[in-house]
Amino acid sequence: MLRPARIALFTAASVALTGSLAACGAGSGSSAGGSSDAFSAANCQGGTLRVLDSAKNSKGFDPAVLYTSGGGAIPRLLFRTLTTRQSVPGVDGTKVVPDLATDTGKPSENATVWTYHLKAGLKFADGTPITSADVKYGVERSFSPQLAGGPPYLRDWLVGGADYQGPYGSGNTDLASIATPDASTIVFHLRKSEGDFPYLAAETQFAPVPKAKDTGKEYNADPVSSGPYTIAGFTKGRELDLVRNPYWSRSTDQQRLACPDRIDVSLGLSPAVINQRLSSSVGQDANAITTDTSLDAPTLARVSADPALKKRVVTGKFPQIYYLAFNLKKAPFDNQLVREALSYAVDRTALVNAEGGTQLAVPSTTFTPESLTAAHQDYDDFPAGATGNPEKAKQLLAQAGHPNGITVPLAYDTDDTSTGAPAATALQQAFAKAGITLQLQPLSDADFSGTVNTPATQPALTLTSWGADWPSGGPFLTPIFDGRQIVTGGGNFNLAQYNDPAVNAQIDKINQITDYAAAQKQWAALDAQLGKLALTVPLYEEATSVLTGSHVKNAYLDQWRGWYDIATVSVK
Amino acid sequence: MIRFLLRRLLGAAAVLLALAALTYLLFYAMPGDPAQLACGKSCTSDQLAQVRHALGTDQPLARQFWTFLTTLVLGHGFSTGPSTVWCSAPCLGYSYQSNEPVTQMLVERLPVDVSLALGSAALWLLIGVGTGLFAALRPGRWRDRVTNTVVLTLGSTPVFVMALLLLMGACVWLQVLPFPNYVPLTDDPAQWAQNLLLPWLAIALVSAAGYTRLTRAGVLETLNQDHIRTLRAYGYPERRIVLRHAVRGALPTVVTVAAMDIGMVLAGAVFTETMFGLPGLGKLAVESASTVDLPVVCGITLLAGALIVVANTAADLLHAALDPRVRI
């Protein structure tokens, strides 16, 4: 399943420190950096990389609490997981590869049991060996209410996960569906087929945690590292200093190059200052990157006009769709003709302009965006053209029994820079031409998910977005269109509240497929099939541009998350 | 004096209690659920209930407030999961979002605001009193007009614009200073001062205008008084008249306003902290409010309230010390 980008907005470390949030992607797959010397992976070690981040509410580095995509940016330097993303530019960066494990997992015939064997010679930063019990304990503690905040999949997928409350407390029980027959083997028993399990195993919840060193809520300030770096100093909201973990070795880790000797992260900086520092690249800032601050429209225009600066800009896309969500339980959206009318009336050019222009947003008529290449299939069932087709919309509304138009509320998140007031206003103006009056219903970030993701309070129409936790159609489509995912008590993302047993069965069937390419083809076909029902109005996907300092080498946006893969960056 | 201080102490306790109660009430009237934010967007109702229980937000409002007060006075044990840690009084609780003791968060950030307030106050007093005096000695002349125009322009500049201008000027164009990166005074005093110079200037240049006007008006008023005319008639040197008598006339007001302004900066200078990336109380307050982190917001509110009460008391004491007509 997937993670909405918004979650990253308030899962502190994810925002700043994991870079898993929104935005860019490895569309270009190009490497940035102003230094003229060629990059050599064999000879890239040395120097200090500086990271300039805005990271508002850093929760620290507890692998149980972090909500990342593919292990995030900085957390991936500290935590190794059973699997991880392949650290290469371009579409190959969406592949899952072994990390602590010897392979990406051996599934049972119906993909309900997944077995992993750990590599030999793995050690924590304190020199103790990493065992399968440490991985099991890491997963188990992510179920604790004290350490809430991580992705929901484990609770849904693991046998007994729904009722398990972690290893703390009086019961102090373990989760029987995770077996560790020996120190290097771990077996996960799932309650249903999940062909995507290897992708989930790249999340930080699969990082090993030594039980003896677990300090619960306080573990976030000084976790025991299994990755190439360990924390030398950390002041929340101010700075993080990483130094090499002497027990990490490239011989057991083929994905992280770990080029810099030190990584100094400055937290809590203003985005304007970050971009100014990166563009001026003065002194130590020549060795700087950011893991959470992209260029806004005016800065991008200025930077693009300067050939020297332009060379240091990397652009790409993160697989995330911005869309209008209908609540089919509320009139008038129980009528497909009305939903189609809105699909025709939408002016995607105005929306793209509201986002800052074509360099920052690209129109999309499909729910699964083009940047989720493997699971994408082109379709445009209700062709609105570039600027909308209000006449066709009026005609459909009349057919639906609304010859004088309709008035509907539109909920949106005021704190979301992408789906906030500019986009809502652009929609309002476009829909007015078709006789559709939108009453804007602004909600603060703290209030948005509680209102929108609870069916009892969900408005009839919502402007929202959905991003990929990993590059697959499964986490993109399942939470949005699987009827069994409708959660009445909150945390519901099937905003259409659509429940078709035939579609649910189709989803189950695709989840049994463990061949990635074959599964993605099926997801793409399902997306096109659902598109005909006008359950949503796909609007646009975002593009992102990011600057680097002038001495930074091998900085590319990985296509899994759409942000720098900091594990491969060099400053030497 | 002792009666005055005791009265102030009692008043402060009442003000702080009211502030804490108001903060609690406001938070519960506002939309947003801290448990929802801590749990994440994909949180089910069962998980949410568990998180609410872990945070203590499943208790009635009055009970939560009472727990907050008793924790503040007596301390409290908090479960971290595998163990329980004891938070000694004055304990402000545990942050909902960052999972750390609030007192520790405030103690880490207060030195930033103390550094910011004292350094910028020294500068704004120097600039404000200096230019005020400079203007007052030739009222209506070109230097008075130029000074007024300059300080008014600086005073009308929003602090974030001033911050950006200083950053661009000093760090990009002239490259005489690195981009600020807070270094504690105890780590390296020279680096501390170098990194805070621009934030100090940003606050001081914007704030100095008020002090220029206060000083100018105070000095002019005093210079027009009878005793100054008498001193001049006796042939006292003008420099002595200005420095010993005229400036002294303006000082009580300047000091009173400065004490209160220092209190405000101590309680958090949001824009300055944000623009210069300083990890102070102001930024923490804004971030905590947006994530409905009630214990942190309440802690900052109480600390800010206490600092402002202390600043006001200090202003009253200084005013009395400088002006013998005032009795406390």
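Values in this text are rule-based calculations from the coordinates and carry no lab data. All values derive from a computational prediction rather than experimental measurement. Every residue, glycine as well, gets a Cβ built from its backbone with ideal geometry; the counts of neighbours run over all protein chains shown.
Coupling constants for the range A:473-488 follow from the phi torsions by the Karplus curve (6.51 cos²θ - 1.76 cosθ + 1.60, θ = phi - 60°), and in residue order they are x, x, x, 7, 9, 4, x, 8, 10, 7, x, 6, 8, 6, 10, 6 Hz; glycine and proline get x.
For an R0 of 56 angstrom, estimate the FRET efficiency from the Cβ-Cβ distance between A:ASP508 and B:THR149 and round to the nearest 0.05.
For A:ASP508 and B:THR149, the calculated efficiency is 0.15.
Restricting to DSSP H runs of at least four residues, report the calculated mean residue ellipticity at 222 nm for the protein assembly as shown, -39500 (n - 2.57) per run over all residues, nearest 500 deg cm²/dmol. Using -39500 (n - 2.57) per qualifying helix, the result is -12500 deg cm²/dmol.
For an R0 of 30 angstrom, estimate the FRET efficiency from the Cβ-Cβ distance between B:ARG141 and B:ASP323 and round to the nearest 0.05. If you can, show how the numbers build up before the last one.
Values: r = 30 Å, r/R0 = 0.99.
For R0 = 30 Å, the calculated efficiency reads 0.50.
Across the protein assembly as shown, the convex hull enclosing all Cα atoms gives 182 Å³ per residue.
Please compute the average number of Cβ atoms from other chains found within 10 Å of each residue's Cβ in peptide A:259-266. Please list the in-between numbers first.
Details: counts 0, 0, 0, 0, 0, 1, 0, 4.
Mean partner-chain Cβ count within 10 Å for A:259-266: 1.
Fewest neighbouring Cβ atoms within 10 Å first, the residues A:ASP558, A:ASP527 line up as A:ASP527, A:ASP558.
Compactness ratio of the range A:320-542: Cα Rg over 2.2 N^0.38 Å, N = residue count? Intermediate results must be reported in sequence, preceding the final value.
Working: Rg = 16.5 Å, N = 223, 2.2 N^0.38 = 17.2 Å.
Dividing the Cα Rg of the range A:320-542 by 2.2 N^0.38 Å gives 0.96.
Size check on the range A:56-261: the Cα extents along the three principal axes, sorted descending, read 44, 41, 32 Å.
Sorting B:TRP66, B:TRP124 from the fewest to the most surrounding beta carbons within 10 angstrom yields B:TRP66, B:TRP124. Among the chymotrypsin sites (Phe, Trp or Tyr not before Pro) within the range A:501-568, not one is in coil by DSSP while having at most 10 neighbouring Cβ atoms inside 10 Å. Within the same chain, aspartates and glutamates fewer than 8 places from A:LYS521 are excluded, and of the rest, those with a Cα less than 20 Å from its Cα are A:ASP92, A:GLU194, A:ASP196, A:GLU370, A:ASP378, A:ASP380, A:ASP381, A:ASP469, A:ASP482, A:ASP508. Cross-linked pairs A:LYS59/A:LYS119; A:LYS236/A:LYS310; A:LYS329/A:LYS532; A:LYS136/A:LYS509: Cα-Cα separations exceed 25 Å for A:LYS59/A:LYS119; A:LYS236/A:LYS310; A:LYS136/A:LYS509. Backbone amide hydrogens, once placed in the peptide plane, bring A:LEU122 within less than 5 Å of A:ILE130, excluding anything fewer than 5 places away on its chain.
Among the lysines, which have Cα under 21 Å from the Cα of A:LYS572 when same-chain residues fewer than 8 positions away are ignored? Counting by Cα, and skipping residues close in sequence, A:LYS572 has these lysines nearby: A:LYS311, A:LYS553.
Each residue of the range B:179-190 was assigned a 3J(HN,Hα) from its phi angle through the Karplus expression (A = 6.51, B = -1.76, C = 1.60, θ = phi - 60°), giving 4, x, 8, 3, 10, x, 4, 5, 6, 6, x, 5 Hz with x at Gly and Pro. Estimated at 0.36 nm per residue, the fully extended path between B:ARG3 and B:MET168 surpasses their Cα-Cα distance by 54.2 nm.
Arrange B:GLU221, A:GLU109, A:GLU194, B:GLU100 by Cβ neighbour counts within 10 Å, fewest through most, would you? Walk me through the numbers on the way to the answer.
Working: B:GLU221 13, A:GLU109 9, A:GLU194 25, B:GLU100 19.
Going from least to most buried by this count: A:GLU109, B:GLU221, B:GLU100, A:GLU194.
Beta bridges from DSSP with both residues in the range A:320-542: antiparallel share about 60 percent, rounded to the nearest 5.
Extending 7 Å from Cα along the Cβ direction at B:ARG63 and again at A:ALA421 yields two label points whose distance is 4.1 nm.
Counting Lys +1, Arg +1, Asp -1, Glu -1, what net charge surrounds B:ARG232 among other residues with beta carbon under 15 Å of its beta carbon? In short, +2.
Any idea what % of Cα-Cα pairs in the range A:223-271 are farther than 16 Å? It would help to have the intermediate numbers written out before the result.
Numbers: 528 of 1176 pairs.
The calculated P(r) of the range A:223-271 puts 45 percent of pairs beyond 16 Å.
Given DSSP loops and a limit of at most 14 other Cβ atoms within 10 Å, what is the longest stretch of chain B that contains no such trypsin sites (Lys or Arg not before Pro)? Free of exposed loop sites, the longest segment is B:142-324. Shown in residue order for the range B:313-325 are the 3J(HN,Hα) couplings computed by the Karplus curve 6.51 cos²θ - 1.76 cosθ + 1.60 at θ = phi - 60°: 5, 4, 4, 4, 5, 5, 4, 5, 5, 7, 10, x, 6 Hz (x for Gly and Pro).
Computed over the Cα atoms of the range B:103-326, the ratio of the radius of gyration to the Kirkwood radius (Rg/Rh) comes to 1.04.
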